[in-house]
Amino acid sequence: MARKNPFANVMGDDAPDTSKAVLDYTIKGASKSLMNSFDEMAAKADRLLEGEAVVELDPGIIDESFVRDRLEDNQEDFNDLLSAIRDRGQDTPILVRPHPSATGRYMVVFGHRRLRASKMLEKKVRAVVKDLKDSDHLVAQGQENSARANLSFIERAMFAGEISRRQFDGDNSIVLSALSVDRATLSKMLAVAAMPKEVIAAIGAAKGIGRDRWYDLKNLLERPSNLEKAMAFIGSDEFKSKVGDERFNALVAHVKTIGRNVPKSPKTQKWVSEDKSVSAEMKNGGKTYTFALKAKGAAGFGDFIAESLGDLYQAYQSRKDQQGE
């Protein structure tokens, strides 16, 4: 079965798959190693099913995996799968393991959507049963999803974070094996996954947003004032009206906008002499103070003020001293 390359969008900056720039980018660095391991991961997932007896199980006795790997499900894709299973039956079995803590029950390793479709259709699900340790379960789940599920970068990062938090080992070898990433990429994944879960959940899978842009957002939200404004924005109607990648883009734009210094308008005062022959306008801009005269004899009065500046400044200092400023 031909598999769509799941790494074209999730590991670099965003652009259509057909763009030469994307192709050039994805054959470098961490993305190159991911693409090279694509067929290998698919083959490993296939080998878990090869030569094994396929049984039919009641989907009601199968529980979800203990680690979630999707933030959301594409309803259109699921509807296509549901129709295919209804019309042709289930072509590929799912992989389950005996439940580690519930006798007589099973836990799905991969094939979550096929299991969900079987439940909805009230059909038995075709499955291969393997007795796996938690660590083997996670490696199999990660490799299957990397090969076939086209998870977004943030979904892979959250999966990596969940495995890492369970501390199966001291050097993250399990998550490296499950996702087939190098340590530098894993470091960025774990940093992004440590963002507030409310923010990640509000944005969603964001299929078109890659590693670099998620990492930039993580850096932006490290400033407490930015995080506070971001949390307020994700609750707004403006944010909720958007879907998919638009939510990510709107949040980044909002955080960057609020971070800019908006210049304050200078304070303005006006003065008019008792005989109305002279008026003045004063503007206080903080570090600058503008004094403008309007009158027939404005030039003469202005010269007088200029000549008196020394005396005026001394009077100002004396008043400050008297007031203890």
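Between ARG86, ARG105, which is in contact with a Leu (Cβ under 9 Å, 6 or more places away or on another chain) and modelled with pLDDT of 90 or more? Show your work before the answer.
On the way: ARG105 fails: in contact with a Leu (Cβ under 9 Å, 6 or more places away or on another chain).
None of the other options fit; the residue is ARG86.
Condition test on GLU52, is it within 27 Å of ILE209 (Cβ to Cβ) and at pLDDT below 90?
Working: within 27 Å of ILE209 (Cβ to Cβ): no; at pLDDT below 90: yes.
So GLU52 fails the test.
Within the stretch 252-268, which residues are part of a helix (DSSP H, G or I), at pLDDT below 90 and open to solvent by less than 50 Å² (accessible area, probe 1.4 Å)?
Passing the criteria: none in range.
Yes or no, residue by residue, for (1) under 30 Å from ALA202 (Cα atoms); (2) loosely packed, with under 13 Cβ neighbours inside 10 Å; (3) touching a His at 6+ places or on another chain (Cβ under 6 Å):
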| site | (1), (2), (3) |
| --- | --- |
| LEU71 | yes, no, no |
| PHE78 | yes, no, no |
| ILE85 | no, no, no |
| GLY89 | no, yes, no |
| VAL96 | no, no, no |
| HIS99 | no, no, no |
| THR103 | no, yes, no |
| MET107 | yes, no, yes |
| HIS112 | yes, no, no |
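Could you list all residues from the stretch 217-231 that are over 16 Å from ILE200 (Cβ atoms) and either modelled with pLDDT of 95 or more or touching a Gly at 6+ places or on another chain (Cβ under 9 Å) (or both)?
Going through the stretch 217-231, the residues over 16 Å from ILE200 (Cβ atoms) turn out to be 223-225, 228-229.
Those that are over 16 Å from ILE200 (Cβ atoms) and either modelled with pLDDT of 95 or more or touching a Gly at 6+ places or on another chain (Cβ under 9 Å) (or both): ARG223, SER225, LYS229.
Name the residue that is farthest from ALA194 (Cα to Cα), counting only residues in the stretch 107-154 that are in a strand (DSSP E or B) and in contact with a helix residue (DSSP H, G or I) (Cβ under 6 Å, 6 or more places away or on another chain).
Here is the first cut: in the stretch 107-154, the residues in a strand (DSSP E or B) are 107-110, 125-129.
Okay, now just the ones that are also in contact with a helix residue (DSSP H, G or I) (Cβ under 6 Å, 6 or more places away or on another chain), so 108-110, 125.
Numbers: VAL108: 26, VAL109: 25, PHE110: 25, VAL125: 36 Å.
Among residues in the stretch 107-154 that are in a strand (DSSP E or B) and in contact with a helix residue (DSSP H, G or I) (Cβ under 6 Å, 6 or more places away or on another chain), the one farthest from ALA194 (Cα to Cα) is VAL125.
Scan the stretch 174-188 residue by residue and report those that are of a type in the set (S, T, N, Q) and open to solvent by 50 Å² or more (accessible area, probe 1.4 Å). Spell out how you get there, then give the answer.
In the first step, residues of the stretch 174-188 are kept if they are of a type in the set (S, T, N, Q); the result is 177, 180, 185, 187.
Answer for the stretch 174-188, where residues must be of a type in the set (S, T, N, Q) and open to solvent by 50 Å² or more (accessible area, probe 1.4 Å): just SER187.
Among the numbered criteria (1) more than 27 Å from ASP216 (Cα to Cα); (2) out of contact with any strand residue (DSSP E or B) (no Cβ under 8 Å at 6 or more places or on another chain); (3) modelled with pLDDT of 75 or more, which single criterion is violated by ALA184?
Exception for ALA184: condition (1).
Within the bounds of the stretch 121-139, is there any residue that is open to solvent by less than 40 Å² (accessible area, probe 1.4 Å), touching a Phe, Trp or Tyr at 6+ places or on another chain (Cβ under 7 Å) and either over 25 Å from GLU162 (Cβ atoms) or among the hydroxyl-bearing types (Ser, Thr, Tyr) (or both)?
Within the stretch 121-139, one or more residues are open to solvent by less than 40 Å² (accessible area, probe 1.4 Å), touching a Phe, Trp or Tyr at 6+ places or on another chain (Cβ under 7 Å) and either over 25 Å from GLU162 (Cβ atoms) or among the hydroxyl-bearing types (Ser, Thr, Tyr) (or both).
Do we have ALA15 as surrounded by 15 or more Cβ atoms within 10 Å (Cβ to Cβ), of a type in the set (Gly, Ala, Ser), modelled with pLDDT under 70 and in a loop (DSSP other than H, G, I, E, B) here? Before you say what the answer is, go through the steps one by one.
Values: surrounded by 15 or more Cβ atoms within 10 Å (Cβ to Cβ): yes; of a type in the set (Gly, Ala, Ser): yes; modelled with pLDDT under 70: yes; in a loop (DSSP other than H, G, I, E, B): yes.
When the stated conditions are applied, ALA15 passes them.
From the list LYS207, LYS283, LYS229, pick out the single residue that is more than 30 Å from ILE154 (Cα to Cα) and of a type in the set (Lys, Arg). It would help to see each step written out before you state the result.
On the way: LYS207 fails: more than 30 Å from ILE154 (Cα to Cα); LYS229 fails: more than 30 Å from ILE154 (Cα to Cα).
LYS283 is the lone residue from the list that is more than 30 Å from ILE154 (Cα to Cα) and of a type in the set (Lys, Arg).
Could you tell me which residue of the stretch 281-324 is most open to solvent (accessible area, probe 1.4 Å), considering only residues that are of a type in the set (D, E, K, R), within 17 Å of PRO266 (Cβ to Cβ) and in contact (Cβ under 8 Å) with a residue 12 or more places away in the chain?
Among those residues, the one meeting the criterion is LYS283.
The values are calculated or read from the model by the stated rules, or taken from the named source; none is laboratory data. Being a predicted model, the structure only gives us computed values, none of them experimental. FYI the Cβ positions are ideal-geometry reconstructions off the backbone, even for glycines, and counts take in every protein chain you see. Note: areas computed on protein heavy atoms with side chains; ligands, DNA, RNA excluded. Shrake-Rupley method; radii C 1.70, N 1.55, O 1.52, S 1.80 Å.
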